[in-house]
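Where a number appears in this text, it was derived from the coordinates with a stated rule and is not lab data. Since this is a predicted model, take the numbers as computed values, not measurements. Glycine also receives a Cβ, built like all others from the backbone with ideal geometry; neighbour counts cover every protein chain displayed.
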Amino acid sequence: MPVLPPSPQISVLPWQQPLPEQVAAWLIEQAGWAGDAPLDLGHWLILVPTRQSGRRLREALAVAAAARAQAVFAPRVVVPEALPAEVVRRPDPASREQVLVAWMRVLLAARPAAYRAVFPVDPPRRDEAWARGLAGRLQHVQQELAAGGLRMADVLRVEDLPETKRWEELAQLEAQFDEALASQNVVSPVEANAVGLASVQPPIGVTAVVLAGCPDPNPVALRYLEALAPSVAIHVLVFGPEEPAVHQVFDGWGKPRPEGGRAGFALPDFLSSGRVGGGPLSQQAIKVAERALAEPHPDIGWRWRSWTRR
């Protein structure tokens, strides 16, 4: 098996040019395509921030190939949240309806007196309507935590955590929730990801993965990329200034560093070029529209917007 280069490898794409075309050009360069045969990118897996940006990337590749009267064997393009399904067969996570029903069962069976941090006072009526409303709120909390691969019990590891007792009781209720799901032969999305991480492997035929233009990638996707790193080349494409050095502005996965703006990343002559508006829905919107109409190359701005639009 060939020795893989250190992973991930970071490349900077200048932010003065449209991003879809730059990513397409970078892929073409990496493929060593001379234009005398179809452009074959079938062994690449590309992660982009939104589905719309994926469509714009495929369009840019098709335009580049058509300019040489050639076709494209397109790469697999997905959003980071879809990466786990691409690289592992996980247990089927519970559906939204199954999660809701499991929480309702837990809440209807629980004794409020045993969970006073969660139920400071007894509900006036412990019926299905009450359980459904509270189950929906607990489901939302789980979804927010699951985006980072966390469970309620994981929150207890946070230093100086406020309302520790409430989170302890929520973790106890979540343990009962897990048992309710197990009785339906399904698991929570977080548990499905945890099981999947133990058996990650690249899709058949994929030799390289690219994280393109994702300044705030899904934490779960990053865990899967880390698990993939020993077996496949991983590239990170960031969209930003070429100076200062990339590692001063971005971390190893292309996320802007909080201190990056203090490393020579300031906008030049801001006081004379900046405009202050009174509100985002009135003065600022008018200023943005005026500036866009005055732009000699307005297509650049619109292309960046369409790269990120969902």
*Put a dot 7 Å past each Cα toward the Cβ at SER231 and VAL195; how far apart are the dots in nm?*
1.8
*Can you work out the FRET efficiency for the pair ARG257 and ALA82, with r the C-beta to C-beta distance and R0 = 25 Å, to the nearest 0.05?*
0.40
*How far is it, in nm, from the label point at LYS287 to the one at ALA25 when both lie 7 Å from their Cα along the line to the Cβ?*
3.2
*Calculate the spin-label point distance for GLU163 paired with GLU144, positioning each point 7 Å from the Cα along the beta-carbon direction, and give it in nanometres.*
0.8
*What per residue convex hull volume, in Å³, do the alpha-carbon atoms of the range 96-193 yield?*
93
_Residues GLU128 and GLN52, FRET efficiency given R0 of 30 Å [Cβ-Cβ distance, rounded to 0.05]_ = 0.15
_Need the full-extension length gain, TRP15 to ALA171, defined as separation in residues times 0.36 nm minus the C-alpha distance. One decimal, nm._
51.7 nm
